[in-house]
Every structure is written in structure tokens, then in C-alpha cells.
Amino acid sequence: MAASHAEKTHAAPAAPQGGGPRKGTVAVRVVGRPDSLEQRIYLPEVVKGLGVTAKHFFANLFSRKYTVTVEYPEQKVKYPPRNRGLHRLMHREDGEVRCVACMLCPTVCPAHCITIVPEETGNGNEKRPKVFEIDELRCVVCGLCVEACPCDAIRMDTGEHATAVDFRADAILGKLDLLKRGAASTAVQGGVGGDWRAKADKTRDETP
């Protein structure tokens with residue numbers, strides 16, 4: 001009786017007497033659920049699952065045939081070349097920080113983990129950071145700060161992980177901490193200037 005009631009409930013509306021299906025109606029096909037005795041009592045399926053678990057357990061216990069776990073830190077996986085590690089600040093040949101406090105990296109950072117306080121350098125063309133801090137606990141390792149930096153001042157190619165800390169303040173790296181990991185940058189700063197289009201056209205005309 002319940003089946004007949006379900007069929008009546010899900011049946012498509014009857015076609016009008018004029019012939020043809022009524023517009024705007026959708027036919028519904030009732031499909032019964034697979035409902036065997038084994039699935040009702042669950043025990044055969046439970047035994048099958050325990051069998052698979054026991055198979056892998058004993059195989060890994062005696063031969064480690066299916067084990068894919070890396071025994072870190074004794075065993076380490078080789079990281080790809082573009083792996084992102086802890087930040088580092090690059091410096092110039094004179095040892096000064098390469099950052100000009102343009103504020104692009106804290107602006108683009110989605111986690112707001114970079115804090116920069118600029119100061120004057122005596123050169124009216126640029127500034128430098130008096131305070132440069134990165135909260136590694138808030139960092140989401142997106143690498144946008146590296147992409148946004150116009151003068152190759154910050155990189156994330158150290159290959160180092162953020163270490164565990166007891167206090168949150170210990171995870172905030174300052175300018176000196178970041179400079180210790182840095183090195184002299186070989187990037188050319190300044191680009192081609194504002195007349196890059198004219199120079200590009202001249203170079204294209206001179207190319208045979």
C-alpha cells in the first residue's frame with residue numbers, strides 16, 4: 001500500500017484530454033533503493049571492511065609494503081625549487097636593506113601580517129624601513145609580497161619552516177632577523193624608466 005502511495009505521489013500529472021503532454025510538467029521516475037538482506041544486517045559489509053583494514057595492517061607491520069609516511073625529521077622530502085620558506089630581506093652591496101618602504105607588500109598581504117614604519121634616508125628619492133616586522137603565525141605563505149615588491153627586497157626561498165614558539169611575540173620576525181637570512185641582491189633596480197615605450201620602439205626598429 002505504501003508503494004502504491006509513493007507511485008501516486010511521484011507520478012507525472014495526467015495529460016490533458018486534448019492530446020499531448022501538458023507544457024511545463026516534468027515526468028518523475030521512481031527508482032527503488034538497493035535493499036538486500038546483507039545490507040540490512042550490516043554484518044557482512046562490516047566484516048569486509050575489517051578484512052581490508054587487517055590486510056593493510058599486517059602488510060605494513062611486517063613488510064611496510066603500503067606505508068607512505070615519511071619519518072620526519074629523520075627522513076625529509078626534497079622540496080621543489082619554488083617552495084616557499086621563511087621570509088628574508090635582501091640587502092645592497094653596502095649592507096643597507098634593499099627595501100625602500102614603498103608599502104606594497106603590506107598593502108597586498110591578505111593576512112595583514114607585515115608591518116612597516118618608514119623613515120627618511122637623507123636621499124629625497126627614497127626611504128627605508130625603520131621597522132619591518134612579519135608575523136609568521138598570521139602569514140598564509142601566499143607569496144604575494146614577493147611578487148609585489150618592485151625592488152627584489154623580500155624573498156621566500158630560504159627553505160626553512162616556521163619554528164614552534166612558546167609565546168606569540170617570538171614568531172614576529174624583525175628587520176634584523178630577516179636581514180640575517182638575506183644576501184646581496186643581483187637584481188637591477190629602477191627598470192628602464194618612464195620612456196620605456198620609446199626605447200622599445202627604437203630597439204625594434206634597429207633589430208634587423
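FYI, it's all coordinate maths here, none of it is from the lab. Because the structure is a prediction, the values reported are computed rather than measured. Note: ideal-geometry Cβ built from the backbone for every residue, glycine included; neighbour counts use all protein chains shown.
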Do me a favour and compute the ellipsoid semi-axes for the range 97-208 from its Cα gyration tensor, root of five times each eigenvalue, largest one first, whole Å.
-> 33, 17, 13
Label model pair ALA164, VAL46: point-to-point distance (7 angstrom along the Cα→beta-carbon line) in nm is 3.8 nm
May I ask you to compute the full-extension gain from ALA59 to VAL28, defined as 0.36 nm times their residue separation minus their alpha-carbon distance, rounded to one decimal in nm?
-> 6.3 nm
If you stretched the chain out fully between ALA111 and VAL68, how much longer would it get, using 0.36 nm times the residue separation minus the C-alpha to C-alpha distance?
-> 12.2 nm
Looking at PRO106, VAL77, PRO118, which one has the Cα that reaches farthest to the positive end of the dipole of the range 63-123 (charges on Cβ: Lys, Arg +1; Asp, Glu -1)?
-> VAL77
Over 32 Å between C-alpha atoms is what I'm after, so list which of LYS127/LYS180; LYS55/LYS76; LYS76/LYS130; LYS76/LYS175; LYS78/LYS199 land there.
-> LYS76/LYS130; LYS78/LYS199
Alpha carbon centroid spacing (whole Å) that separates the range 105-135 from the range 35-71 | 56 Å
Residue order, fewest to most surrounding Cβ atoms within 10 angstrom, among VAL141, VAL47, VAL146 | VAL47, VAL141, VAL146
